[in-house]
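Trainee: My structure is below; once you've seen it, I'll send some questions.
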Amino acid sequence: MHRTSIWHRLAKCYPIWWESVILALVICSFWYAATNYAALPDRVPTHFGIAGLPDGWGAKNPAHVYALSLMSLVFYLGFSGLTLWIAAISDPKTLINRSPKLLETISVEVAEKIRRVTIRGLVAVKGSLVIMFLI
């Protein structure tokens, strides 16, 4: 079995340029908060109820204004780290949680397909979370 780089494994899973789009959305969330900070009222909503209406208020300060942007960055970095860790593992069978006896029945090709689907799913969740925190 030949060794491939992390980036090659990731490129087989999804177009790598998606990362630049997701990261640009994270940067946009900080940019939008920064450019509109002065125009915000002195009291800003800090919590929203199930209907989407504010039910908690607080003073305008950077912690309240940048909270969603920071959460977006944390999720982006966390999911990116997890994705890189999954891509870095040389034997994809070690990622599958099955008994050793059942794990022997899985071929390396099937394990690679499972890795690809897992990475695609993580990237989709990462992108969805970043978009949700941006809106």
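The values are calculated or read from the model by the stated rules, or taken from the named source; none is laboratory data. Owing to the predicted nature of the structure, the values given are computational and were not obtained by experimental measurement. Note that we place each Cβ from the backbone using ideal geometry, even for glycine, and neighbour counts take in every protein chain shown. The protein model used for the area step is the full one, side chains on, heavy atoms only, and it has no ligands, DNA or RNA in it. Shrake-Rupley method; radii C 1.70, N 1.55, O 1.52, S 1.80 Å.
Trainee: Under 21 Å Cα to Cα from Lys113, which lysines show up? Leave out anything in the same chain fewer than 8 places away.
Mentor: Within the straight-line limit of under 21 Å, Lys113 reaches these lysines: Lys12, Lys93, Lys101, Lys126.
Trainee: Under the rule of at least 5 residues apart or a separate chain, name every residue whose amide H is placed under 5 Å from the amide H of Gly58.
Mentor: Amide H neighbours of Gly58: Val44, Thr46.
Trainee: Just one of (1) 2, 11, 21, 24, 20, 13, 7, 3, 0; (2) 2, 9, 18, 19, 17, 13, 10, 7, 4, 2, 1, 0; (3) 2, 9, 16, 16, 13, 11, 9, 8, 7, 5, 3, 1, 0 is P(r) over Cα pairs in 5 Å bins from 0, in percent calculated from these coordinates, so which is it?
Mentor: (3)
Trainee: Please work out the average accessible area per residue across the chain, using the 1.4 Å probe convention, and give it in Å².
Mentor: 66 Å²
Trainee: Moving on. Between Ile114, Val74, Gly49, whose Cα lies farthest towards the positive end of the dipole of the range 16-135 when Lys and Arg beta carbons carry +1 and Asp and Glu beta carbons carry -1, centred on the Cα centre?
Mentor: Comparing the listed Cα positions along the dipole, Ile114 ranks first.
Trainee: With axes computed from alpha carbons, what is the tilt in degrees of helix 17-36 against the longest principal axis of the chain, rounded to the nearest 10 within 0 to 90?
Mentor: Helix 17-36 sits roughly 10 degrees off the main axis of the chain.
Trainee: Give me the number: length gained by fully extending Thr94 to Ile135, i.e. 0.36 nm times residue separation minus the C-alpha to C-alpha distance, one decimal in nm.
Mentor: Extra length from Thr94 to Ile135 when fully extended: 11.0 nm.
Trainee: Please state the charge dipole magnitude for the range 1-116, taken about the Cα centre, from unit charges on C-beta atoms (+1 on K and R, -1 on D and E), reported in debye and rounded to the nearest 20.
Mentor: With Lys and Arg at +1 and Asp and Glu at -1, about 380 debye.
Trainee: Any idea of Arg98's accessible area? Nearest 10 Å², probe 1.4 Å.
Mentor: Roll a 1.4 Å probe over it and Arg98 shows about 110 Å².
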